[in-house]
Amino acid sequence: MNNTASVPGATASHPASVSIDGLHKSYGSLDVLKGISLEVGPGEVVCLIGPSGSGKSTLLRCVNLLETPQQGVIRIGDVEVTDPEVDIDAVRRRVGMVFQQFNLFPNMSVLGNLTVAQRKVLGRSEAEARKTAMLNLERVGLAEKAENAPAQLSGGQQQRVAIARALSMDPELMLFDEPTSALDPETVGDVLAIMRDLAKEGMTMLVVTHEMAFARDVADRVVFMDGGVVVEEGPAREVVGAPQHKRTQAFLSRVLNPTQVDAPED
Amino acid sequence: MAMTARERAKVSRGVQYGLLVVIVIALVFIADWNTLISRALNPSVMAQQFPEIITVALKNTLIYTALGFVAGMSGGILLALMRLSSVAPYRWIATLYIELFRGVPALLVFLALGFGVPLAFQVRFNNLVTVMLALGLVSAAYIAESLRAGLQAVPKGQYEAARSLGMSHSRAMITIVIPQALRIVLPPLTNEVILLAKDSSLVYLLGMTVSQYELTKFGREAISGSGAGLTPLVLAGVCYLVITVPLGLLARYFEQRADARSARH
Ligand SMILES: Nc1ncnc2c1ncn2[C@@H]1O[C@H](COP(=O)(O)OP(=O)(O)OP(=O)(O)O)[C@@H](O)[C@H]1O
Ligand SMILES: [Mg+2]
């Protein structure tokens, strides 16, 4: 018997796999996802890239049921989350979500943000929740900010708190929706470094990002979406370094050379 | 003689102050101070009003206001949740109610409850219940609108973050959304209490025993006494201000705190 491996917050305890098959989502007459299929193995990191409006956020939000897809199947581990009978709250307890706008609770301290769901959802005691919260704050390097209000932190620090908040629930899967897009350039690196550590520790991660260096270096696989379909997917270095499809090439050259003007008009 | 915008503003402000001073001086000289003081600010009449104006009238005004607010809050919370419900008939009923009771003078509601309901249903509530119902019915409509606006002002991401952490709908509302909405609605709710304090004067319509008099009724009874003049009403007015001015300051404090909070975001 060896219990030393179960230190809370040190690693993903049971990283889950995600399996998406034939996913359709529309808003009224607007088809946003047109049959998406995608596999993420346990402990795997998959980055979703693609132009604005291609449906990346919608796909991510379907995985934790913030949106209800019209068609298709999503499994997390061996639970079919698209089953109409499924306990949505139980699914979300296993899935951590990090938003572009952080969405920290402004009326609670940093520590309060990390403990409230542990106590109200997982039923942990105050002391237990606090202990897990402090471990995760240390992990993101913000233990000394525990008593601060979120508004007193920089954007990058707020996002690190948001990651620690999600990790405090001991998730089996983490979803990131452009976690660094709202940040000042100098704070982006801190957030990416934490995500890199998390990937190394074996967390299953599905990450929407425009940080191509991160996708190339950290992701196991990269999925390029456009117009609600998966256009190209494969090993990170291949998709980012040597894209096969024309639309992927065009997108990557735009993202990697944002200052380059296509054709000077006058 | 070109003037800069700043100079022009300075001159304009000077003229405005000058005008104010002239008006005040004119009023001071035109007013018949002796008559005014003896009829409206008579010290001996003032002294006669005590202690009842405090121990009965002010106390009852506060009780009626508090009862009205409790009833209005209860109704307002219910109506606000109905307005935001996904069940269409709930929304229709709430909208109808809010439009009806915002559009009708409180006086008519008092008359309807005091005289219409007893005729229609052969029941007669005691005065306290009627006051509570009448003030509650009217203020519930306003409170519901404030609460709805407050709930909608909490960013959607707050609710989504709470749900993403595994909270149920009601848990997310109670723990995350409603506490933030309450901060937003504190200023309008405080203003609603001010309106209630003033509307509680309408109780006089119901006919009351002496021990039920509130400030306005108390003042009106007192001036009908021989030679009392207007002094009791002036005193009643001062008592209203004792209630409403601190509340107004409180509302402004809440507003500034909310502004400071949102400025930091
Ligand atoms: N709640 C909604 N109602 C209607 N249309 C929506 C809704 N949410 C998203 N859409 C539409 O769905 C399409 C895909 O949106 P989505 O946010 O998934 O794109 P995205 O790939 O995340 O883009 P971005 O890079 O700009 O975040 C867009 O055209 C968007 O306008
Ligand atoms: Mg998006």
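The values are calculated or read from the model by the stated rules, or taken from the named source; none is laboratory data. The model shown is predicted, which means the values in this text are computed figures rather than measured ones. All Cβ positions, even for glycine, are placed from backbone atoms using ideal geometry, and neighbour counts span all protein chains on display. Side chains are part of the model used for accessible areas, which takes the heavy atoms of the whole protein and leaves out ligands, DNA and RNA. Shrake-Rupley method; radii C 1.70, N 1.55, O 1.52, S 1.80 Å.
Considering every residue within the range B:108-126, establish whether at least one is outside any helix (DSSP H, G or I) and either within 14 Å of chain A (Cβ to nearest Cβ) or in contact with a strand residue (DSSP E or B) (Cβ under 6 Å, 6 or more places away or on another chain) (or both). Full working, then the answer.
Within the range B:108-126, the subset outside any helix (DSSP H, G or I) is B:122-126.
Retained after the next criterion (residues that are either within 14 Å of chain A (Cβ to nearest Cβ) or in contact with a strand residue (DSSP E or B) (Cβ under 6 Å, 6 or more places away or on another chain) (or both)): none.
No, the range B:108-126 contains no residue that is outside any helix (DSSP H, G or I) and either within 14 Å of chain A (Cβ to nearest Cβ) or in contact with a strand residue (DSSP E or B) (Cβ under 6 Å, 6 or more places away or on another chain) (or both).
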Mind listing whichever residues of the range B:157-199 are within 7 Å of chain A (Cβ to nearest Cβ) and either touching a Cys at 6+ places or on another chain (Cβ under 9 Å) or of a type in the set (A, V, I, L, M) (or both)? B:ALA161, B:LEU165, B:MET167, B:ILE176
It is to be established whether one or more residues within the range A:85-97 are under 15 Å from B:GLU160 (Cβ atoms), within 16 Å of ligand 1 (Cβ to nearest atom), within 10 Å of chain B (Cβ to nearest Cβ) and open to solvent by 10 Å² or more (accessible area, probe 1.4 Å). yes
Within the range A:74-81, is there a residue that is modelled with pLDDT under 95, more than 16 Å from ligand 1 (Cβ to nearest atom) and within 18 Å of A:MET195 (Cβ to Cβ)? no
A:THR180 passes all but one of (1) farther than 29 Å from A:GLY22 by Cβ; (2) away from ligand 2 (no atom under 16 Å from the Cβ); (3) without any contact (Cβ under 8 Å) to a residue 60 or more places away in the chain; which number fails? (2)
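If you check B:ARG183 against the conditions, is it among the basic types (Lys, Arg), under 26 Å from B:ALA258 (Cβ atoms) and in contact (Cβ under 8 Å) with a residue 12 or more places away in the chain?
Numbers: among the basic types (Lys, Arg): yes; under 26 Å from B:ALA258 (Cβ atoms): yes; in contact (Cβ under 8 Å) with a residue 12 or more places away in the chain: yes.
Yes, satisfied.
Check whether at least one residue in the range A:222-239 is charged (D, E, K, R), open to solvent by 60 Å² or more (accessible area, probe 1.4 Å) and closer than 21 Å to A:MET174 by Cα, and report yes or no. Write out each step before concluding.
Step one: of the range A:222-239, the residues charged (D, E, K, R) are A:226, A:232-233, A:237-238.
From the residues that got through so far, the ones that are open to solvent by 60 Å² or more (accessible area, probe 1.4 Å) too are A:233, A:237-238.
Now narrow it down to the ones that are closer than 21 Å to A:MET174 by Cα: A:233.
Yes - at least one qualifying residue is present in the range A:222-239.
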Test for A:ASP31: is it more than 14 Å from A:PHE224 (Cα to Cα), of a type in the set (Asp, Glu), within 14 Å of ligand 1 (Cβ to nearest atom) and out of contact with any helix residue (DSSP H, G or I) (no Cβ under 6 Å at 6 or more places or on another chain): yes
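For the range B:152-201, name all the residues that are polar (S, T, N, Q), assigned to a helix (DSSP H, G or I) and open to solvent by less than 60 Å² (accessible area, probe 1.4 Å).
Within the range B:152-201, B:GLN158, B:SER164, B:THR175, B:GLN180, B:THR190, B:SER200, B:SER201 qualify.
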Mind checking which pairs have a first residue in the range B:36-62 that is closer than 17 Å to B:GLY227 by Cα and a second that is open to solvent by 70 Å² or more (accessible area, probe 1.4 Å), Cβ under 6 Å, 6 or more apart or different chains? B:ARG39/B:LEU230; B:ALA40/B:LEU230
With the structure loaded, tell me whether B:ALA66 is under 30 Å from the mean Cα position of the chain (by Cα), surrounded by 15 or more Cβ atoms within 10 Å (Cβ to Cβ) and either under 30 Å from B:VAL131 (Cα atoms) or among the aromatic types (Phe, Trp, Tyr) (or both) or whether it fails that test. yes
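Kindly check whether there is at least one residue in the range B:233-242 that is within 24 Å of B:ARG183 (Cα to Cα) and in a helix (DSSP H, G or I).
Step one: of the range B:233-242, the residues within 24 Å of B:ARG183 (Cα to Cα) are none.
No, because not a single residue in the range B:233-242 is within 24 Å of B:ARG183 (Cα to Cα) and in a helix (DSSP H, G or I).
Given the criteria open to solvent by 10 Å² or more (accessible area, probe 1.4 Å), within 14 Å of chain B (Cβ to nearest Cβ) and within 16 Å of ligand 1 (Cβ to nearest atom), does A:ASP177 qualify?
Working: open to solvent by 10 Å² or more (accessible area, probe 1.4 Å): yes; within 14 Å of chain B (Cβ to nearest Cβ): yes; within 16 Å of ligand 1 (Cβ to nearest atom): yes.
Considered against the rule, which asks whether it is open to solvent by 10 Å² or more (accessible area, probe 1.4 Å), within 14 Å of chain B (Cβ to nearest Cβ) and within 16 Å of ligand 1 (Cβ to nearest atom), A:ASP177 comes out as yes.
If I ask for residues that are more than 9 Å from ligand 2 (Cβ to nearest atom) and open to solvent by 30 Å² or more (accessible area, probe 1.4 Å), which ones from the range A:44-60 would you list? Before the answer, list the steps.
So the first thing to find is which residues in the range A:44-60 are more than 9 Å from ligand 2 (Cβ to nearest atom), and the list is A:44-51, A:59.
Within the range A:44-60, A:GLU44 is the sole residue that qualifies.
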If a residue must be under 15 Å from B:VAL203 (Cα atoms), within 19 Å of the chain's Cα centre (by Cα) and surrounded by fewer than 16 Cβ atoms within 10 Å (Cβ to Cβ), how many such residues does the range B:77-121 contain? 3
I'm trying to understand the selection: among the residues of the range A:99-137, which are β-branched (Val, Ile, Thr) and more than 9 Å from chain B (Cβ to nearest Cβ)? A:VAL110, A:THR115, A:THR132
Within the range A:105-119, is even one residue free of Cβ contacts under 8 Å to residues at least 12 places away in the same chain and over 23 Å from B:ALA258 (Cβ atoms)? yes
